[in-house]
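Below is one structure, written out as structure tokens; comments come after it.
The values are calculated or read from the model by the stated rules, or taken from the named source; none is laboratory data. A quick note: this is a predicted structure, and the numbers were derived from the prediction, not measured. Heads up, the Cβs are rebuilt from the backbone with ideal geometry, glycines too, and the neighbour counts pull from every protein chain shown. The protein model used for the area step is the full one, side chains on, heavy atoms only, and it has no ligands, DNA or RNA in it. Shrake-Rupley method; radii C 1.70, N 1.55, O 1.52, S 1.80 Å.
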Amino acid sequence: MPCPIPFDNSYARLPARFYARQEPEPVSAPSLIKVNDRLAAELGIDPGWLKSSEGIATLAGNQVPDGASPLSAAYAGHQFGGWNPQLGDGRALLLGEVIAANGIRYDIQLKGSGRTPWSRGGDGRAPLGPVLREYLVSEAMAQLGAPTSRSLAAVSSGDQVYRETALPGAVLTRVAQSHIRIGTFQYFSARGDREALELLLQHVLERHYPDSLEADNPALELLRQAINSQARLVARWQLLGFIHGVMNTDNMLLSGETIDYGPCAFMDQFHPDTVFSSIDHAGRYAYRNQPSIAHWNLSCLAQCLLPLLDADEKVALDLAQTAIDAFPDRFLAAYLQGMNAKLGLGEQRDGDRELGQELLSIMARQSMDFTLSFRRLAELASPDTDQAGVAGLITLPDALQPWLETWRVRMAQEQLEPARRQAEMFLANPAFIPRNHLVEEALAKATDLQDLEPFHKLLSVLENPFNYRPELSDFALPPRPEQVVRQTFCGT
């Protein structure tokens, strides 16, 4: 069928052992939930066509358009530290790739499109709730400045998906710069397939880090680039109070984007040991552990690249270890730069790191709301500004007063005019995040009552997370005690 999606499918040109070719399984009665008009336009795709009957059929997997090359990718991974040599796309198909107006290549993938050879007994489908969760949170993350996969569209399937109970099904159309994971390298490394590792290395460099193609040691350069991108990514998570929940190696992309929004959540009250995922029984992926887990995951990538780093095993090990040892400093530099921006401070000075850590310690002891506390600090940075704020939503505890005085002394050392500082702080400290209780409410109403209005309303608020509006204060408020969400679920 004719299709206005300008596919150009580079991954499908790799050897057959990288994937399984197949078509999606049709659904019975697809119905459009949402098309991301702005993202579609950025990708060079007509949003109007996506909303047409042919477009909806494509988004549901009922029709495969011209130029598409549907495939499910092979990969392996460490899941909660346990090794699984064969995972792969168990409920997703890469339709193809497009090159956007910015020159960047993007994957277009259907999630919930049916069984694949990697489904491991699953049905390959997605319930409506997890599809809407990923749409909400991924699009919020994009607006919050976190590198992330995006949601192009969501459709309901008209079919039931069976988990603990029967649930309405849906299909998400996901966009990422690629879906190549640390686990993709692990898949071929575990099989001793050096040729595949070399092909994958070349493909990733061409796609994500073309400036590194002429490096003396391309494998080492890829490792360094991955370390840098993961350091920046996880630093951004920490600065937003975001907890991914399933930082398995098969969920970490070489592009440095956030992916697989399963049991993810944003903290309300700050505590570094916070865990939401119902399957993270030991707290492996707790908030405080995310940087060290990223470091561990990258060491798995380094191990895969050893044969390509140097023919001499000792030299290869030394190169890999030196690269991996740089991660903590890379992460800390990105994190401290972001924390200074949140606190309205310029170039890093002695004592700034301790100033931020002391604030977090007080926030943890006083059970302060992570997002509103930082937003309130932005308001206090220029208290005479005539602007509606969150003062009525949060009361800073008396225990914070000595810290506030120290912070004001530090700000006085800056040359920046207070109103300018405050404007920059507002851009570093959102007023709105996908509050867990609001997300759960929207999903419950969509699933149980077929009421999508709360989903659409929350999504519209999250499109402007840094612009506080008093009439939307309910979307900024922390949960009441009876609204607190303590566990989130994967949805597979």
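Does PHE331 fit the bill of being touching a residue at least 12 places away in the same chain (Cβ under 8 Å) and open to solvent by less than 10 Å² (accessible area, probe 1.4 Å)?
Working: touching a residue at least 12 places away in the same chain (Cβ under 8 Å): yes; open to solvent by less than 10 Å² (accessible area, probe 1.4 Å): no.
Criteria not met by PHE331.
Screening GLY346 with (1) free of Cβ contacts under 8 Å to residues at least 60 places away in the same chain; (2) within 15 Å of ALA423 (Cβ to Cβ) gives one miss only, at (1).
Note on the stretch 120-145: among residues that are open to solvent by 20 Å² or more (accessible area, probe 1.4 Å) and part of a loop (DSSP other than H, G, I, E, B), the one that is nearest to ALA92 (Cα to Cα) is ARG125. Scanning the stretch 122-165 for residues that are aromatic (Phe, Trp, Tyr) and under 28 Å from PRO465 (Cα atoms) yields one hit, TYR135. Looking across the stretch 1-13 at every residue that is hydrophobic (A, V, I, L, M, F, W, C) and open to solvent by 20 Å² or more (accessible area, probe 1.4 Å), the one that is farthest from ASP159 (Cα to Cα) is identified as PHE7.
Just one of LEU240, LEU254 is at pLDDT 95 or above, under 17 Å from the mean Cα position of the chain (by Cα) and within 19 Å of PRO434 (Cβ to Cβ); which is it?
On the way: LEU254 fails: within 19 Å of PRO434 (Cβ to Cβ).
The unique qualifying residue is LEU240.
Against the conditions (1) of a type outside the set (Val, Ile, Thr); (2) under 24 Å from the mean Cα position of the chain (by Cα); (3) modelled with pLDDT of 95 or more, GLY48 satisfies every one except (2). Going through (1) open to solvent by 40 Å² or more (accessible area, probe 1.4 Å); (2) over 17 Å from LEU359 (Cα atoms) one by one, ALA320 falls short only on (1). Taken together, the residues in the stretch 364-383 that are among the charged types (D, E, K, R), in contact (Cβ under 8 Å) with a residue 40 or more places away in the chain, open to solvent by 10 Å² or more (accessible area, probe 1.4 Å) and in a helix (DSSP H, G or I) amount to 1. Taking (1) assigned to a helix (DSSP H, G or I); (2) touching a residue at least 12 places away in the same chain (Cβ under 8 Å); (3) open to solvent by less than 80 Å² (accessible area, probe 1.4 Å) in turn, SER361 satisfies each apart from (2). Restricting the stretch 206-257 to residues that are outside any helix (DSSP H, G or I) and in contact with a Pro (Cβ under 6 Å, 6 or more places away or on another chain), the residue that is nearest to ALA316 (Cα to Cα) is GLY256.
Tell me whether the stretch 126-149 contains one or more residues that are touching a His at 6+ places or on another chain (Cβ under 9 Å), touching a residue at least 12 places away in the same chain (Cβ under 8 Å) and within 23 Å of ILE433 (Cα to Cα). Taking every residue of the stretch 126-149 in turn, at least one turns out to be touching a His at 6+ places or on another chain (Cβ under 9 Å), touching a residue at least 12 places away in the same chain (Cβ under 8 Å) and within 23 Å of ILE433 (Cα to Cα).
Of ALA29, ALA68, which residue is surrounded by fewer than 18 Cβ atoms within 10 Å (Cβ to Cβ) and within 18 Å of SER113 (Cα to Cα)?
Numbers: ALA68 fails: surrounded by fewer than 18 Cβ atoms within 10 Å (Cβ to Cβ).
Of the residues listed, the single one that is surrounded by fewer than 18 Cβ atoms within 10 Å (Cβ to Cβ) and within 18 Å of SER113 (Cα to Cα) is ALA29.
Within the stretch 163-181, can one find any residue that is of a type in the set (Ser, Thr, Tyr) and open to solvent by 50 Å² or more (accessible area, probe 1.4 Å)? Explain how you work it out, then say what you get.
To start, the set of residues in the stretch 163-181 that are of a type in the set (Ser, Thr, Tyr) comprises 165, 173, 178.
Checking which are open to solvent by 50 Å² or more (accessible area, probe 1.4 Å) leaves us with 165.
Checked the stretch 163-181: at least one residue is of a type in the set (Ser, Thr, Tyr) and open to solvent by 50 Å² or more (accessible area, probe 1.4 Å).
Screening MET339 on (1) open to solvent by 60 Å² or more (accessible area, probe 1.4 Å); (2) in contact (Cβ under 8 Å) with a residue 60 or more places away in the chain; (3) part of a helix (DSSP H, G or I) shows it passes everything except condition (1).
Sub-7 Å Cβ pairs linking a first residue in the stretch 269-294 that is more than 15 Å from TRP237 (Cα to Cα) to a second residue that is part of a strand (DSSP E or B) and open to solvent by 10 Å² or more (accessible area, probe 1.4 Å), at least 6 apart or interchain, are GLN269/ASP369, ordered by first then second residue.
Taking the condition under 26 Å from GLN79 (Cα atoms), acidic (Asp, Glu) and surrounded by fewer than 20 Cβ atoms within 10 Å (Cβ to Cβ), does GLU214 pass? Criteria not met by GLU214.
In the set GLY112, GLY124, which member is at pLDDT below 95 and out of contact with any Phe, Trp or Tyr (no Cβ under 8 Å at 6 or more places or on another chain)?
On the way: GLY112 fails: at pLDDT below 95.
It is GLY124.
Quick grid of which residues meet (1) more than 19 Å from the chain's Cα centre (by Cα); (2) not β-branched (Val, Ile, Thr):
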site: VAL409; (1), (2): yes, no
site: ALA412; (1), (2): yes, yes
site: ARG421; (1), (2): yes, yes
site: HIS437; (1), (2): yes, yes
site: GLU440; (1), (2): no, yes
site: LYS445; (1), (2): yes, yes
site: GLU453; (1), (2): yes, yes
site: LYS457; (1), (2): yes, yes
site: GLU463; (1), (2): no, yes
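Report yes if TRP403 is more than 26 Å from TYR135 (Cβ to Cβ), over 32 Å from the mean Cα position of the chain (by Cα) and aromatic (Phe, Trp, Tyr), otherwise no. Break it down into steps so the answer makes sense when it comes.
Details: more than 26 Å from TYR135 (Cβ to Cβ): yes; over 32 Å from the mean Cα position of the chain (by Cα): yes; aromatic (Phe, Trp, Tyr): yes.
Taking the combined requirement at face value, the residue satisfies it.
Every residue in the stretch 271-301 that is open to solvent by less than 10 Å² (accessible area, probe 1.4 Å), within 15 Å of PHE370 (Cβ to Cβ) and assigned to a loop (DSSP other than H, G, I, E, B), please. Correct list: ALA286 only. Is it true that LEU233 is more than 20 Å from ALA320 (Cα to Cα), of a type in the set (A, V, I, L, M) and buried (at least 20 other Cβ atoms within 10 Å of the Cβ)? Taking the combined requirement at face value, the residue satisfies it. Here the condition is being in contact with a Pro (Cβ under 7 Å, 6 or more places away or on another chain), open to solvent by less than 10 Å² (accessible area, probe 1.4 Å) and not β-branched (Val, Ile, Thr); of GLY61, GLY44, GLY77, it holds for GLY61 alone.
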